[in-house]
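What follows is a short report on a single structure.
All of the numbers you see were taken from the coordinates with simple rules; none came from a lab. Keep in mind that what you see is a predicted model, and the values were worked out from it rather than measured.
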Amino acid sequence: MLDNRILIQMKEYVESHLIIVTEDILDIYLESNDVKHSILEEIDEDEIENFINTKRKPTLSQVLFSFLDKKDASDSKIYKKAGMDRRHFSKIRTVPNYRPGKNTTIALALALELDQTETEELLGAAGYTLSNSDTSDLVIQFCLEKKIYDIDLVNQALDHFSLKPLIR
């Protein structure tokens with residue numbers, strides 16, 4: 001059970017880091033991203049392929065299993081600790097471009113006891129990020145900073161803010 005001191009610190013953390021998007025900010029963002037379609041017509045296919053090949057980063061599976069190797073952890077220990085079943089974990093291992101949900105990826109990061117930078121690397125490989133405008137993400141960031149890796153405790157923290165639990 002999370003004690004009141006941690007819950008108070010978490011509430012202060014969320015309130016101080018939460019970015020609220022107003023209509024004015026959203027309008028400025030949308031205006032600045034008004035892309036003209038003619039640009040795409042001028043780009044050569046080889047140029048796009050070359051760009052993709054030079055910018056491509058490792059897949060989620062590659063990043064996840066490099067962390068597993070680095071932490072010298074067994075598959076079964078990690079998927080059990082993350083609250084996953086063997087079949088789901090096997091799918092992540094065997095299907096090259098499979099992308100689990102954000103909460104599943106966060107649960108794996110917690111099970112591996114990754115720090116915030118490593119967690120962002122794992123999430124990025126799956127196409128996700130932790131946002132300062134999402135309360136749930138701020139709770140996760142707080143837990144990472146405080147080295148709270150137990151999924152049940154993280155779920156309690158999320159529940160404290162009436163948020164959806166990760167897994168389980």
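Key figures for this structure:
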quantity: log10 of Debye I(q)/I(0), alpha-carbon scatterers only, for the chain at 0.10, 0.15, 0.16 Å⁻¹; calculated: -0.49, -0.92, -0.99
quantity: Potential extension, LEU163-ASP75 segment - 0.36 nm per residue separation minus Cα distance; calculated: 28.8 nm
quantity: In segment 59-168, lysine pairs closer than 18 Å at Cα, eight or more apart or cross-chain; calculated: 12
